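The values are calculated or read from the model by the stated rules, or taken from the named source; none is laboratory data. Quantities reported herein were computed from a predicted structural model and do not represent experimental measurements. Don't worry about glycine lacking a Cβ; one is built from the backbone with ideal geometry, like all the others, and counts go over all protein chains shown. The protein model used for the area step is the full one, side chains on, heavy atoms only, and it has no ligands, DNA or RNA in it. Shrake-Rupley method; radii C 1.70, N 1.55, O 1.52, S 1.80 Å.
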Amino acid sequence: MTRMQMAQSRGTLKVMVLGADGYLGWPMSLHLSALGHQVTAVDNLVRRQWDEHGGTRSLAPIRSMERRVATWQALSGRYIQWAQADLCDHEAVYDLIGRHRPDAVIHFAEQRSAPFSMVDREHAVLTQMNNVLGTLNLLFALHELAPDCHLVKLGTMGEYGTPNIDIEEGYLEVEHNGRRDRLPYPKQPGSFYHLSKVHDSHNIMFACRIWGLRATDLNQGVVYGLATPECGRHPDLQTRFDYDSVWGTALNRFCAQAAIGEPLTVYGKGGQTRGYLDIRDTLACITLALEHPADPGEFRVFNQFTEQFSLNELAEKVLAARAKLGLQTRVEHLPNPRVENEDHYYNAKHQGLLDLGLQPHLLEETLLEGLITWVEERVGDLDPVLLQRPSVDWRTGGNAVWRRYATQSLEAPGGVLALGEAGDGSVEEVAI
Ligand code: NAD
Ligand code: USQ
């Protein structure tokens, strides 16, 4: 029996959540803990530094990890082990994997903003080094110390771009000069951030092939919502809500703009179509992937979203929800700061997780009304400048709005920009 089979027969997994201080990693840690799994929550807190660097912040106040974990323990009686460590510090990664020998690792720990990666050379380099090298360190640690561990990696639907054919789940059956093969689906990502995810996918696929690692790559669409059952139990357990043009997704921004009666900032024509899912479905999809692990040597790919919408459709939905609350606003089509198709074919498959049993929560007006009202209640904490104009242009980088808010220094994570120097291998584990 492998360690994974033993863990499955116990019904309790040792799960390490990387990026546990983030929008998705924190609710995921709580959810798995509530299900009775043994959770180690890992983060280097760099996202809090990037917020300081860019003058941005979550509209929901985010407590320290120590306080979040302590509140969860007081409320639920369940213990989450919190560890501060940087994935770019290979000694810290080896130490964590070697000591905990997890049955599964869920990897959220990356720089996840497309605009942030497009500010200038420094931000592009930081993004790709942080994401690609962090994942590479993890792959080597798993190979050497926990080869049966199931790696669940968060990728993104944006890896595919917007091709003029249907998007399959990871692979494409191709016939060429009379021969057939099943090949990785062609990738045409739209930012240096999205490219980092493509590089990760290739590295993970290669590691599965040569070392027999088992991995699930989840090409996730844009996530919305805040209300998970566990986060809703106490204000200390709240996850983040970003609304600025660097970290805030279009839907979050539209809800915040609607809350203060500002026009909704649709970039360009608004035909840009993406996959979307409720945060509760993110938790459900990842739980399903954990319960049905990839086989040794398998690089399994799921497209993780439940519905697709164009920006114009999303804006219409927000306007309708706003009107129901008794106020009007309007759409303003801004010159598009990104280089992307604004009017295109989009049909992405997403059958794999449904086959495993996913029961989607679809985007309803009530959820949008709830989000708009939630922002309205915090309107005093909202910075209207961050809500309006985009601060990064794909052609020219960070603009005057970016420069007005950004501080000069951009701290290199874990010594990663100085390639020869590793971090100090430190893992700070806090016993509560
Ligand atoms: P987030 O920025 O809120 O959280 C990421 C966390 O990872 C942060 O807490 C950060 O401090 C941590 N981190 C980054 N680099 C690290 C490193 N080197 N070592 C240790 N910790 C590190 O992002 P999120 O919205 O929660 O996204 C999580 C993951 O899901 C990302 O990989 C993102 O690409 C992917 N994803 C997110 C969405 C979405 O809509 N939010 C959609 C598709 C995919
Ligand atoms: N957009 C607007 N107005 C705005 C903000 C964005 O029209 O005020 C447009 C963008 O131009 C783009 C679309 O909305 O066409 C989506 O942008 P977004 O900021 O909502 O999302 P994106 O940059 O794609 O990134 C987010 C997450 C990222 C994740 C990705 C999933 O930040 O971590 O990987 O969604 S996906 O889009 O499927 O690749």
**OP:** Assuming a ≥ b ≥ c are the square roots of the Cα gyration tensor eigenvalues, decide whether the stretch 141-206 counts as rounded (a/c under 1.5), prolate (otherwise, with a/b larger than b/c) or oblate.
**Re:** oblate
Original post:
For the pair residue 324 and residue 12, how long in nm is the line joining their label points, each one 7 Å along Cα→Cβ?
Top reply: 4.2
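Tell me, what is the per residue accessible area of the stretch 12-429 in Å², probe radius 1.4 Å? Walk me through the intermediate numbers first.
Details: 16660 Å² over 418 residues.
Result: 40 Å² per residue.
I'd like the carbon and sulfur percentage of the solvent accessible area for the stretch 12-429, probe radius 1.4 Å, heavy atoms only, ligands and nucleic acids excluded.
Working: 8300 of 16660 Å².
On the stretch 12-429, the fraction of accessible area on carbon and sulfur atoms equals 50 percent.
Apply 1/(1 + (r/R0)^6) to the Cβ-Cβ distance of residue 349 and residue 182, taking R0 = 22 Å, and write down the FRET efficiency to the nearest 0.05. Could the numbers behind the result be given before it?
Details: r = 14 Å, r/R0 = 0.65.
With R0 = 22 Å, the Cβ-Cβ based efficiency is 0.95.
Given the Cα-Cα distance of residue 383 and residue 174 and 0.36 nm per residue of separation, how much length would full extension add, in nm?
Full extension from residue 383 to residue 174 adds 70.3 nm.
When the gyration tensor of the chain is built from Cα positions, what are the square roots of 5 times its three eigenvalues, in whole Å, from largest to smallest?
On the way: eigenvalues 201, 133, 103 Å².
Those come to 32, 26, 23 Å.
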**OP:** Provide the gained length on full extension for the span residue 52 to residue 332, in nm with one decimal, where the gain is 0.36 nm per separating residue minus the Cα-Cα distance.
**Re:** 97.9 nm
Subject >> Long pairs among 14/349; 187/317; 317/349; 324/349; 187/269, criterion Cα-Cα beyond 26 Å >> reply: 14/349; 187/317; 324/349
Original post:
Using a basic spin-label model with each label point 7 Å from the Cα along Cα→Cβ, how many nm lie between residue 366 and residue 5?
Top reply: 4.5
**OP:** Please work out the FRET efficiency for the pair residue 165 and residue 74, using the Cβ-Cβ distance as r and a Förster radius of 60 Å; give the result to the nearest 0.05.
**Re:** 0.70
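Given the DSSP H assignment, sum -39500 (n - 2.57) over each helix run of at least 4 residues in the chain and divide by its residue total; what's the result at 222 nm in deg cm²/dmol, nearest 500?
Calculated mean residue ellipticity at 222 nm is -10500 deg cm²/dmol.
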**OP:** Grab the Cα-Cα distance for residue 295 and residue 101, subtract it from 0.36 nm times how many residues apart they are, and report the gain in nm with one decimal.
**Re:** 68.0 nm
